[in-house]
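Participant: Below is a structure I'd like to ask you about.
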């Protein structure tokens, strides 16, 4: 399979070079001869390039197994197309670089919805085909032109029950109050979620966060800088809490449950004022699998896939039908469950898509 | 018949082409980006003067690199000195220990330091149990943590060039110095140290240049507060898409290193420093 793919790519590049006059006729024919193809079949081959596989670009680790079992298996069963992975992490810069280089090797990126806003605007993404993908199977406002939210994660905080035996912290205001609740804090170091938390602590209503008042947030964050450390990855956030480096720490909400279980409830997750983040599937411009990527996204919206992904990764489903079918015991850990919905804030991907650079750089300037 | 010397170039030509294509090409691309993205001009370089943040990040980088270089070379010098004067079998044992530490992944080292010196690490809980301290000492997640991690990583790099230059010293020179009435300290300062100068310079250069690009250790052990140039470049490339700023900083690092090499070359032959003209 890979050999074929490689051969086809080599020939296509050869054909393009030949057309552009960069490769001599003889070299090109020799190349075709070596590959055992006539040039016509090469060009025909491209036209009927039905997807031989769908490559999902995600963050590796557990999420590779989980995406395969929850979405890959039913997708392959329905279409016959296998799901492969690139686990190097689809950060905005990498997607931009891949599309700019003209050598696109991924079909679906497990990214953020704000990436869809930022990269869609600059022409690096394929639009979502809403004749295949269902707009109603996600949270209101999270089906955008260049990306759709499939799961939700979020920013919440956990605290050490042994550090605060007389009254537990209940919201971001307590998190930022180091006089009332002494101890070290940890925050996400690339601004996202940390700014919202600071604003909620400063008294901004959870549904009036956007547009974010960056200066106000930074002021609040700077005030506890001496008592703060900052994490860059989920496992680092996990370690800081479990190793007792902090007495309150921000985490990705979907990891909170396993920390509670692993530590027999010593560390507790606070869902009040958590910030729900739309994790989105986006398709890089010129993806090799073509339209099959849209079918893949539609599969990921199915109730069963969504529930399986929750069980496997702790990410909250976006399909309202899947949320309704969740087990009673899972409800507290689902960020948009009926009980949590009145407590939480919803991220605005459009604001972040347009202001990431200003927000991140202001944040880095303040903490470093 | 004697071949003209120039024909030797033919032998290295393929490598020159490879280096030109795969190395110089991308570097030129970076330089180009730094003056064209987002708009043509020197706007990215002007940020160096106008942005407090960039100034602070560069200052942090230089400060951490200089301190790390000084300590790495100091430790490296003592270790190399001990190795040169150790008996044969001990010396080779020391060398293998040194090389083993070379091969331990930077991530493993970083997390080991957290376990040893973290807030609830072995050292802090030990000292607390002994009643020596009442509050844990903040070794990690700050600049001190970054320095400990980086110096530990760089010491082997400092040892090897210094060791090489010490090994080439004729031991009788030291004996001569002593027999002519110099004290031990005088011999070290006026005879031994000058003879190992090339090794020390090589070690310092090597350590400093590698330090400039450090990423993992500051990112983890600094707790987000010690932002050095390499991590900042990575954020600008991957998260904020300010490729022009990133390219400008990368170019700055490149020219910084080249300038450093140039200044050194005014004082000594670089080939001596890197062992070219030795033995």
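The values are calculated or read from the model by the stated rules, or taken from the named source; none is laboratory data. Every value quoted in this text rests on a predicted model; they were computed, and no experiment measured them. Every residue, glycine among them, receives a Cβ derived from its backbone with ideal geometry; neighbour counts consider all protein chains shown.
Participant: Which one of B:214, B:255 is in a loop (DSSP other than H, G, I, E, B) and more than 9 Å from chain A (Cβ to nearest Cβ)?
Facilitator: Answer to the selection: B:214.
Participant: So if I check each of A:231, A:252, A:172, which one is closer than 19 Å to residue B:225 by Cα, touching a residue at least 40 places away in the same chain (Cβ under 8 Å) and either touching a strand residue (DSSP E or B) at 6+ places or on another chain (Cβ under 7 Å) or within 14 Å of another protein chain (Cβ to nearest Cβ) (or both)?
Facilitator: Result: A:231 is the single residue among A:231, A:252, A:172 that is closer than 19 Å to residue B:225 by Cα, touching a residue at least 40 places away in the same chain (Cβ under 8 Å) and either touching a strand residue (DSSP E or B) at 6+ places or on another chain (Cβ under 7 Å) or within 14 Å of another protein chain (Cβ to nearest Cβ) (or both).
Participant: A further question on this structure: Restricting the search to segment A:153-169, which residues are touching a residue at least 40 places away in the same chain (Cβ under 8 Å) and within 29 Å of residue A:219 (Cβ to Cβ)?
Facilitator: Once the filter is applied, which keeps residues that are touching a residue at least 40 places away in the same chain (Cβ under 8 Å) and within 29 Å of residue A:219 (Cβ to Cβ), segment A:153-169 yields A:153, A:154, A:155, A:156, A:157, A:158, A:159, A:160, A:163, A:164, A:168, A:169.
Participant: How many residues are surrounded by fewer than 22 Cβ atoms within 10 Å (Cβ to Cβ) and under 29 Å from residue A:119 (Cα atoms) when one looks only at segment A:316-343?
Facilitator: 2
Participant: Check whether at least one residue in segment B:17-27 is surrounded by 12 or more Cβ atoms within 10 Å (Cβ to Cβ), in contact (Cβ under 8 Å) with a residue 40 or more places away in the chain and within 14 Å of another protein chain (Cβ to nearest Cβ), and report yes or no.
Facilitator: Among the residues of segment B:17-27, not one is surrounded by 12 or more Cβ atoms within 10 Å (Cβ to Cβ), in contact (Cβ under 8 Å) with a residue 40 or more places away in the chain and within 14 Å of another protein chain (Cβ to nearest Cβ), which makes the answer no.
Participant: Continuing with this model, one more query. Could you list all residues from segment B:104-139 that are surrounded by 11 or more Cβ atoms within 10 Å (Cβ to Cβ), within 14 Å of another protein chain (Cβ to nearest Cβ) and not in a helix (DSSP H, G or I)?
Facilitator: B:118, B:119, B:120, B:121, B:136, B:137, B:138, B:139
Residue by residue, here is whether (1) within 27 Å of residue B:239 (Cβ to Cβ); (2) out of contact with any strand residue (DSSP E or B) (no Cβ under 8 Å at 6 or more places or on another chain); (3) modelled with pLDDT of 95 or more; (4) more than 14 Å from chain B (Cβ to nearest Cβ) holds:
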{"site": "A:280", "(1), (2), (3), (4)": "yes, no, yes, yes"}
{"site": "A:298", "(1), (2), (3), (4)": "no, yes, yes, yes"}
{"site": "A:305", "(1), (2), (3), (4)": "no, yes, yes, yes"}
{"site": "A:311", "(1), (2), (3), (4)": "no, yes, no, yes"}
{"site": "A:325", "(1), (2), (3), (4)": "no, yes, no, yes"}
{"site": "A:332", "(1), (2), (3), (4)": "no, no, no, yes"}
{"site": "A:339", "(1), (2), (3), (4)": "no, yes, no, yes"}
{"site": "A:348", "(1), (2), (3), (4)": "yes, yes, yes, yes"}
{"site": "A:354", "(1), (2), (3), (4)": "yes, yes, yes, no"}
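Participant: Follow-up question, since we're still on this one. Would you pick out the residues in segment A:207-231 that are assigned to a loop (DSSP other than H, G, I, E, B) and touching a helix residue (DSSP H, G or I) at 6+ places or on another chain (Cβ under 6 Å)?
Facilitator: Answer for segment A:207-231, where residues must be assigned to a loop (DSSP other than H, G, I, E, B) and touching a helix residue (DSSP H, G or I) at 6+ places or on another chain (Cβ under 6 Å): A:209, A:210, A:211, A:212.
Participant: Here's a follow-up. Given the condition surrounded by fewer than 18 Cβ atoms within 10 Å (Cβ to Cβ), at pLDDT 95 or above, more than 14 Å from every other protein chain (Cβ to nearest Cβ) and within 16 Å of residue A:282 (Cα to Cα), answer yes or no: does some residue in segment A:90-105 qualify?
Facilitator: There is at least one residue in segment A:90-105 that is surrounded by fewer than 18 Cβ atoms within 10 Å (Cβ to Cβ), at pLDDT 95 or above, more than 14 Å from every other protein chain (Cβ to nearest Cβ) and within 16 Å of residue A:282 (Cα to Cα).
Participant: Checking the structure you have, find out if any residue of segment A:189-206 is more than 22 Å from residue A:168 (Cα to Cα), crowded, with 23+ Cβ neighbours inside 10 Å and within 11 Å of chain B (Cβ to nearest Cβ).
Facilitator: Yes, there is a match, as at least one residue in segment A:189-206 is more than 22 Å from residue A:168 (Cα to Cα), crowded, with 23+ Cβ neighbours inside 10 Å and within 11 Å of chain B (Cβ to nearest Cβ).
Participant: A further question follows. Could you pull out every one of the helices (runs of 4 or more DSSP H) wholly within segment A:263-368 that has 2 or more residues that are within 16 Å of the chain's Cα centre (by Cα)?
Facilitator: The helices (runs of 4 or more DSSP H) meeting that bar are A:292-300, A:303-313, A:349-367.
Participant: Here is a follow-up. Being in contact (Cβ under 8 Å) with a residue 40 or more places away in the chain and within 13 Å of chain B (Cβ to nearest Cβ) is the filter here; which residues of segment A:207-228 pass it?
Facilitator: Within segment A:207-228, A:218, A:221, A:222, A:224, A:225, A:227, A:228 meet the criteria.
Participant: Here is a list: B:246, B:219. Which entry is assigned to a helix (DSSP H, G or I), at pLDDT 95 or above and within 10 Å of chain A (Cβ to nearest Cβ)?
Facilitator: None of the others qualify; the one that does is B:246.
Participant: Just checking, how many residues over segment A:106-132 are touching a strand residue (DSSP E or B) at 6+ places or on another chain (Cβ under 6 Å) and surrounded by fewer than 23 Cβ atoms within 10 Å (Cβ to Cβ)?
Facilitator: Matching residues across segment A:106-132 total 1.
Participant: Which members of segment B:225-241 meet the condition of being within 10 Å of chain A (Cβ to nearest Cβ) and in contact (Cβ under 8 Å) with a residue 24 or more places away in the chain?
Facilitator: B:225, B:226, B:227, B:228, B:232
Participant: Does segment A:220-240 contain any residue that is within 14 Å of residue A:360 (Cα to Cα) and more than 22 Å from the chain's Cα centre (by Cα)?
Facilitator: Yes, because at least one residue in segment A:220-240 is within 14 Å of residue A:360 (Cα to Cα) and more than 22 Å from the chain's Cα centre (by Cα).
Participant: Could you tell me which residue of segment B:49-103 is surrounded by the fewest Cβ atoms within 10 Å (Cβ to Cβ), considering only residues that are without any contact (Cβ under 8 Å) to a residue 12 or more places away in the chain and under 17 Å from the mean Cα position of the chain (by Cα)?
Facilitator: Among those that are without any contact (Cβ under 8 Å) to a residue 12 or more places away in the chain and under 17 Å from the mean Cα position of the chain (by Cα), it is B:103.
Participant: Being within 18 Å of the chain's Cα centre (by Cα), more than 27 Å from residue B:114 (Cα to Cα) and either touching a residue at least 40 places away in the same chain (Cβ under 8 Å) or not in a helix (DSSP H, G or I) (or both) narrows it down to one residue among B:164, B:182; which is it?
Facilitator: The conditions single out B:164.
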